[in-house]
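Q: Submitted below is the structure of interest, expressed as structure tokens.
Please treat every number below as a calculation from the coordinates, not as lab data. This is a predicted model, so every value here is computed, not measured. Quick reminder, even Gly has a Cβ in these numbers, built from the backbone with ideal geometry, and neighbours come from all protein chains shown.
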Amino acid sequence: MAKRALISVSDKTGVETFARTLTELGYEILSTGGTQKTLAAAKIPVTPVETVTEFPECFGGRVKTMHPAIMGGILFRRDNADDVKEAKKLGIEPIDIVVVNLYPFGKTAADPEKSRAEVIEQIDIGGPTLLRSAAKNHSHVTVICDVADYGRVLAELEKGESSDELRDELATKAFFHTASYDTMISSWLSEGKNWGVLLRGGTALRYGENPHQWGKYFGMGKVEDPASWGKKLQGKDTSYLNILDADAAWSAVCEFEEPTAVFVKHANPSGIASRGNIEDAFQAAYDADRLSAFGVIIALNRECSKVIAQKVIDQKMFVEVIVAKSYEAGALEILSQKPNIRVIEQSMTPPKEQTTYRSVLGGMLMQNADTKIVTEAELTVVTKKKPTKEQIKDLLFAWKCVKYCKSNAIVFAHDLTTVGLGTGQTSRVDATWIAAKRAGEKSRGAVMASDAFFPFPDSVEEAAKHGISVIIQPGGSIRDAEVFAKAEELGLVMVTTGVRAFRH
């Protein structure tokens, strides 16, 4: 009796060569729908599944393979005497290979032109059932869900049988594939209700946090098979930290409506500036702290122009990554003079409602992202002296900036530009001192933002030493009255937001 292989694939890459080789090895090919037509057109002998089931495809092709003659042929145990006896009694013949890849649900769901009904039709039912059945019985059945595995399987079959090790590996892969597929569907149906976490893609990175660590990127969401974080237009392979820093820079720059540039080092901004045009914003952000902007990640919320690309070259900047929504014609040609720079085109913007995930020992932390935008109307002035209109602009700018600095965080800003940043400190007064040291004389007349309340007046005193004129902070300390009084005493303006902006 000839061995049999069931082939029913959406992605028909390489299927003709694979099926023809199976035929040459003595396999009978069973198939359905489009795959059957493809193989027949290639003059490969193929048996329609309905010939085996003696039942036609129905309901617009929704039901094809869900029949005991097919499922029994996959699932009965060849080494179980009762199963073998029952299969013979029922006239069920074994199916030894199952080749299935699923309807392109993710691709359809990501297409804004597709209706909900069209997306629903791309939910594969029979395919996952065939894969799971074959994977369950992998002691006897070889299951293939990835066209990349055709060659490996054929190499073993040409020597006789597929090995236990290969069948076990392919079965595991099939279960991962169907689990991912089901999660993708549930994610789409749940419309962001966070009933599950979908990790897909699994792109190998250059390395992890350090070169001796491996790293991978997994896409999350509805888009099928994401290759990387954004579209890389040039540059070296991406590492774990490149993506982490680029994400920090991109998330921050998307907070601003005005043309803004964000420079990031080690997940903390080194410079942020908003201007009337993106070229001036870029230069101001770089000038904010040129020393730190070495091996920097840059994010722009406008097109990367030829002028900016030329600034990178002329100023001999050491840039790891540039992220922008688009690049002016000619900008890429200029940037190609530094071929190691990773140039990323990023079309995604952080959604208003999003969820963040952090792995911890033994589990995962999950929360909604801090998308709170503080407006002028929400500010409370706690000193007799009031901020001017220009100071309010700088205060709101500084508050947006401090949200993207690691806690404890202090930001000094002037004219919509950061002039000093103190980030990631265990003491708030130390963060203030570091911001002042980085700012130097630029702190005179600047505003200061603190991501959390002041537990003591010492940070206010430190700020006053360096000429800070206005402070924005959440408030809420048991020593608020003491802190407010110190600001009053030192002639500072202080406003509170009523919300904290910790970022760990």
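Q: Using a simple spin-label model with points 7 Å from Cα along the Cα→Cβ vector, what separation in nm is obtained for residue 16 and residue 213?
A: Inter-label distance under the simple model: 4.8 nm.
Q: Here is a further query. Take each of the peptides 167-175, 474-482, 328-336, 444-452, average the number of other beta-carbon atoms within 10 Å over its residues, and list them starting from the highest.
A: 444-452, 167-175, 328-336, 474-482
Q: I want to check the label-to-label distance for residue 316 and residue 83. Put each point 7 Å from Cα in the C-beta direction and report it in nm to one decimal.
A: Placing both labels 7 Å along Cα→Cβ, they lie 7.1 nm apart.
Q: To check you understand DSSP bridge types, tell me what percent of the beta bridges within the chain (both residues inside) are antiparallel, rounded to 5.
A: Of those bridges, close to 50 percent are antiparallel.
Q: Which angle between 0 and 90 degrees, to the nearest 10, do you get for helix 126-136 versus the longest principal axis of the chain when only C-alpha atoms count?
A: Taking Cα atoms only, the helix is inclined about 80 degrees.
Q: Are there any GluC sites (Glu not before Pro) in the stretch 41-115 that are in a DSSP loop and have at most 15 other Cβ atoms within 10 Å? List them by number.
A: Filter output for the stretch 41-115: 54, 113.
Q: Quote the relative contact order of the chain in percent (integer), defining contacts as alpha-carbon pairs under 8 Å separated by 6+ residues.
A: 8 percent
Q: Over 23 Å between Cα atoms, which of 173/232; 385/486; 352/400 qualify?
A: Listed pairs above 23 Å: 173/232.
Q: Each label point is 7 Å from the Cα along the Cα-to-Cβ direction; what then is the distance between the points at residue 186 and residue 504, in nm?
A: Each label point is offset 7 Å from its Cα along the Cβ direction, giving 2.8 nm.
Q: Between residue 118 and residue 294, what's the calculated FRET efficiency when r is the beta-carbon distance and R0 is 45 Å? Round to 0.05.
A: 0.35
Q: What is the packing order of peptides 59-65, 496-502, taking the mean over residues of other C-beta atoms within 10 Å and listing the highest first?
A: My ranking of the peptides, most packed first, is 496-502, 59-65.
Q: Next question, about the same structure. Going 7 Å from the Cα of residue 55 toward and past its Cβ, which residues in the stretch 130-145 have a backbone nitrogen under 20 Å from where you end up?
A: Output list for this probe position: 130-134.
Q: Work out from phi, with θ = phi - 60° and the Karplus expression 6.51 cos²θ - 1.76 cosθ + 1.60, the ³J(HN,Hα) of each residue of the stretch 104-110, listed in order in whole Hz, and give x for Gly and Pro.
A: x, 4, x, 5, 5, 5, 7
Q: When only Cα pairs under 8 Å and 6 or more residues apart are kept, what is the percent relative contact order across the stretch 283-384?
A: Over the stretch 283-384, the number comes to 20 percent.
Q: Additional query: Trypsin sites (Lys or Arg not before Pro), restricted to the stretch 320-407: which are DSSP loop and have at most 14 other Cβ atoms within 10 Å? Show your work: numbers first, answer last.
A: On the way: sites: 325, 342, 352, 358, 372, 384, 385, 389, 393, 400, 403, 406; in loops: 325, 352, 372, 384, 385, 403, 406.
Sparse-neighbourhood loop trypsin sites (Lys or Arg not before Pro): 352, 372, 384, 385.
Q: Additional query: Could you work out how far the C-alpha centroid of the stretch 474-504 sits from that of the stretch 294-347, in angstrom?
A: Measuring centre to centre over Cα atoms gives 39 Å.
Q: If I stretch the segment between residue 287 and residue 43 completely, what's the gain in nm (0.36 nm per residue apart, minus their alpha carbon distance), one decimal?
A: Extending this stretch completely gives an extra 81.0 nm.
Q: A further question on this structure: What ³J(HN,Hα) values, in whole Hz, does the Karplus curve 6.51 cos²θ - 1.76 cosθ + 1.60 give for the stretch 425-438 when θ = phi - 60°, with x put for Gly and Pro?
A: 9, 7, 10, 5, 5, 5, 4, 5, 4, 5, 4, 5, 4, 5
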